[in-house]
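As structure tokens, the structure follows; a few thoughts come after it.
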Amino acid sequence: MLSLRSSSSLSRSSSALFRACCPPRRPCLSPLLLPLSVSTSGSSRGVRTLPAFSLEGKTCVGKGAARGLGKEFLTGFALSGAKGACVDLTPSTAQSSIEHIRQHIRTQQPSEPIPELKPYACDVTQESQVKATFSQIVRDFGQVDVLVTAAGIVDNVEAENYEYERWRRMLDVNLHGTWLWAREAGKHMLEKKIKGSIILVASMSGSICVRPQKQAAYNASKGAVIMLAKSLATEWGPHGIRVNTLSPGYMKTDLIRELLEKQGRDLEQSWVKDIPLGRMAHPSELQGTVVWMASDASSYLNGSDIIVDGGYTAY
Ligand SMILES: NC(=O)c1ccc[n+]([C@@H]2O[C@H](COP(=O)([O-])OP(=O)(O)OC[C@H]3O[C@@H](n4cnc5c(N)ncnc54)[C@H](O)[C@@H]3O)[C@@H](O)[C@H]2O)c1
Ligand SMILES: OC[C@@H](O)C(O)[C@H](O)CO
């Protein structure tokens, strides 16, 4: 459903979207989203775009948001006016992510107030912790409008030598943890009649096998997340709750940096060869997509897998 917002929330969301799509250190990637006028002072005043992109007043929960994509998602939400719960394994990493987000907003939107952001510690594989953390977030913020599940791990090991213990861990974090959080969010949104948006982070590896790395467990976990989202979309869609997956290609996060450090830089060259845009992505390049998926701008998006991969899966 499209809704009109105040001019200040409108200008904030416009500015956030523009910056997400056109970060200052790169050329603009999406000419279609160019605002009609752009302030160069860092203030968001005078920038115009579709009001439905605003997240003003909404509460967004980011699981696995201490670093990497989760942190970028919460940053995009906050730049669009949303309050945020930053969930990760330890309170200190969640807190330092919040400090980083606040600093970013101060720089990017010096004339805007910084939305409320709170840290939470939770191991997503522990059902009791997930339930307790979700309840605490609802007590702190009143309600949850958006959930994005970014916590995830990866292993590159050939299937015949992959240990069952590691297989189970992979599914525990990437699939079971995602389902546990989605279940709490869905229950809450159903009870409170919130027309929320649940965004499960999958991967292009959930629908194709990347090469040359061998990662059957990871691929299986992400394929299952895509099917989980479609299933939840059919169960909760009739109540106005939208569930979709965001499937990134190769993003330069710490997870990928660590993997490349272990396996050698040649791996990066071989990936880039298969990406039509000819490069890996900066994590901030997902902000525009995730804000769109969280906001009313994507009001008819449900049960979809949004692949953002520089064209990798087009081959
Ligand atoms: N980086 C990429 O290229 C890429 C591509 C496709 C999909 N993805 C997916 O995006 C998501 C985020 O990836 P990233 O690159 O930002 O990874 P990352 O390792 O940089 O960040 C993942 C975060 O999840 C947290 N986490 C891990 N296990 C947890 C647990 N049990 N409980 C709570 N938090 C936990 C970590 O502490 C970390 O902060 C993952 O699901 C990943 O599979 C990443
Ligand atoms: O498909 C890209 C990512 O999902 C993933 O991080 C990569 O495949 C790890 O090997």
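The values are calculated or read from the model by the stated rules, or taken from the named source; none is laboratory data. Given the structure is predicted, the values throughout are model-derived calculations rather than measurements. Methodologically, a virtual Cβ is constructed for each residue, glycine included, from the backbone with ideal geometry; neighbour enumeration extends over all protein chains shown.
For segment 297-311, does any single residue satisfy the condition of being away from ligand 1 (no atom under 14 Å from the Cβ), free of Cβ contacts under 8 Å to residues at least 24 places away in the same chain and farther than 17 Å from Ala202 by Cα?
Yes, the conditions are met somewhere in segment 297-311.
Just to check your reading of the model, which residue among Val225, Val243 is outside any strand (DSSP E or B) and either in contact with a Lys or Arg (Cβ under 8 Å, 6 or more places away or on another chain) or buried (at least 21 other Cβ atoms within 10 Å of the Cβ) (or both)?
Residue meeting the stated conditions: Val225.
Could you list, in sequence order, all residues of segment 298-315 that are within 19 Å of Cys209 (Cα to Cα) and part of a loop (DSSP other than H, G, I, E, B)?
Across segment 298-315, the qualifying residues are Asp309, Gly310, Gly311, Tyr315.
Give the residues of segment 230-260 that are within 13 Å of ligand 1 (Cβ to nearest atom) and out of contact with any helix residue (DSSP H, G or I) (no Cβ under 7 Å at 6 or more places or on another chain), sorted by residue number.
Of everything in segment 230-260, those that are within 13 Å of ligand 1 (Cβ to nearest atom) and out of contact with any helix residue (DSSP H, G or I) (no Cβ under 7 Å at 6 or more places or on another chain) turn out to be Ile256, Arg257, Glu258, Leu259.
Does Ala185 count as more than 10 Å from ligand 2 (Cβ to nearest atom), surrounded by fewer than 18 Cβ atoms within 10 Å (Cβ to Cβ) and of a type in the set (A, V, I, L, M, F, W, C)?
no
Does segment 268-297 hold any residues that are within 20 Å of Ala150 (Cα to Cα) and in a loop (DSSP other than H, G, I, E, B), and which are they?
Within segment 268-297, Met280, His282, Ser295 qualify.
Look at Thr149 and say whether it is of a type outside the set (A, V, I, L, M, F, W, C), within 19 Å of the chain's Cα centre (by Cα) and farther than 21 Å from Val291 by Cα.
no
List every residue pair whose Cβ atoms lie under 8 Å apart, where the two residues are 6 or more positions apart in sequence or sit on different chains, the first residue falls within segment 86-109 and is among the hydroxyl-bearing types (Ser, Thr, Tyr), and the second residue, located anywhere, is assigned to a loop (DSSP other than H, G, I, E, B).
Thr90/Ala66; Thr93/Ala66; Thr93/Arg67; Ser96/Ala66; Ser97/Ala65; Ser97/Ala66; Ser97/Arg67; Thr107/Gly42
Go through (1) more than 22 Å from Gly84 (Cα to Cα); (2) touching a Ser or Thr at 6+ places or on another chain (Cβ under 8 Å); (3) hydroxyl-bearing (Ser, Thr, Tyr) for Ser231 and report which single condition fails.
Just one mismatch for Ser231, condition (2).
Enumerate the helices (runs of 4 or more DSSP H) found wholly within segment 54-142, keeping only those where 2 or more residues are at pLDDT 95 or above and exposed (fewer than 15 other Cβ atoms within 10 Å of the Cβ).
The qualifying helices (runs of 4 or more DSSP H) are 91-108, 127-141.
Going through segment 206-222 one residue at a time, which ones are within 12 Å of ligand 1 (Cβ to nearest atom) and either without any contact (Cβ under 8 Å) to a residue 40 or more places away in the chain or basic (Lys, Arg) (or both)?
Matches in segment 206-222: Asn219, Lys222.
Kindly establish whether Ser37 is crowded, with 24+ Cβ neighbours inside 10 Å, over 20 Å from Trp181 (Cβ atoms) and at pLDDT below 95.
It is false that Ser37 is crowded, with 24+ Cβ neighbours inside 10 Å, over 20 Å from Trp181 (Cβ atoms) and at pLDDT below 95.
Given (1) at positive phi; (2) within 14 Å of ligand 1 (Cβ to nearest atom), identify the lone condition not met by Gly278.
(2)
Here are the criteria: (1) within 20 Å of the chain's Cα centre (by Cα); (2) outside any helix (DSSP H, G or I); (3) under 28 Å from Ala121 (Cβ atoms). Tell me which single one Lys195 does not satisfy.
(3)
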